[in-house]
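First comes the structure, then the notes that go with it.
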Amino acid sequence: MNSKNLDLSQIGRITDISTVRTDVTMREVDQLIDIVKSFHCICASPMPVVTKYVIDALADTPDTVVTGVVSFPAGADTTSMKVFTAKEMIALGCKELDMVIQVGALKSGQYDLVRDDIKAVVDAADGVPVKSILEICYLTDDEIRRGSELAVEAGVTFVKTGTGWGPKPTTVDTVRIIKETIGDSALIKAAGGVRDLETMLAMLDAGCDRFGIGIRSAMTIFEEAYKRAGIPMPTLKFFTANVNDTY
């Protein structure tokens, strides 16, 4: 898909909505649920402590899956801890997993450790799609390329750029680097810094397939997309713009 053939009324079908900050309140979780239902978003990404709450709330929304986050945001858990979390999230009802790789190991050149860590989660997922988070804000371009290669070797469904917690945003160039490295071997999810429609469309043209976006940025993007498509915005029950959206 590219920006020319994207139906802007269906922009939710390439959007993962998230509430993954440390200080997320239950009101924001309810906002997440409200937005996902109103815009038919493909995926909701909450923190583990509220994952079951979100799954139950979206039980009547069969076109949305819930992602379980694994080793978020540092990626520095032991592999056995990541495997346990992955299995728990799937047992709760998650249909996808977003896991942070061993970033420090990648930067240290411990490539077998990085690959084996990812593969252990992929194996534990037993067919549930896994998105490996590179946390590109801490990586050089060469490290982004190597991390992408290792993720593909481990069998991931998506290579994901970041958690949104890091000091630098994902850029269009980041997406191009990953796409040039992995081709069609895996899908690409951009997250962290996707805050307006133009950036989203440029990343789509660069090879991105899915976007992880916090609730406030998502509303900004949806409003612009619906305006361009000439579609009225739905009325949301819980949403307010006063949200510290860092994802």
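A straight line joining the Cα centroids of the stretch 124-174 and the stretch 1-63 runs 21 Å.
Structural descriptor for the chain: relative contact order 21 percent, calculated from alpha carbon pairs under 8 angstrom and at least 6 residues apart.
Going by a ≥ b ≥ c, the root eigenvalues of the Cα gyration tensor, does the stretch 1-154 fall in the rounded group (a/c under 1.5), the prolate group (a/b larger than b/c) or the oblate group? Prolate is the answer for the stretch 1-154, as a/c is 1.5 or above and a/b outweighs b/c.
Given +1 at the Cβ of Lys and Arg, -1 at the Cβ of Asp and Glu and no other charges, the dipole of the stretch 8-229 around its Cα centre is 240 debye to the nearest 20. Placing a label point 7 Å from the Cα of residue 233 along the Cα-to-Cβ direction, the residues of the stretch 23-54 whose backbone N falls under 16 Å of that point are 31-32, 34-40. Prolate is the label for the stretch 156-238, because the ratio a/c of its alpha-carbon gyration tensor axes (a ≥ b ≥ c) is 1.5 or higher and a/b is greater than b/c. Model label sites at residue 26 and residue 91, defined 7 Å from Cα along the beta-carbon direction, differ in position by 2.5 nm.
Sites count as exposed loop sites when they are trypsin sites (Lys or Arg not before Pro), lie in a DSSP loop, and have at most 16 other Cβ atoms within 10 angstrom; the longest stretch of the chain without one is 96-236.
Every number in this text was worked out from the coordinates using simple rules, so none of it is lab data. In this text, all values refer to a predicted model and were calculated from it rather than measured experimentally. Please note: Cβ atoms are built from the backbone with ideal geometry, for glycine as well, and neighbour counts cover all protein chains shown.
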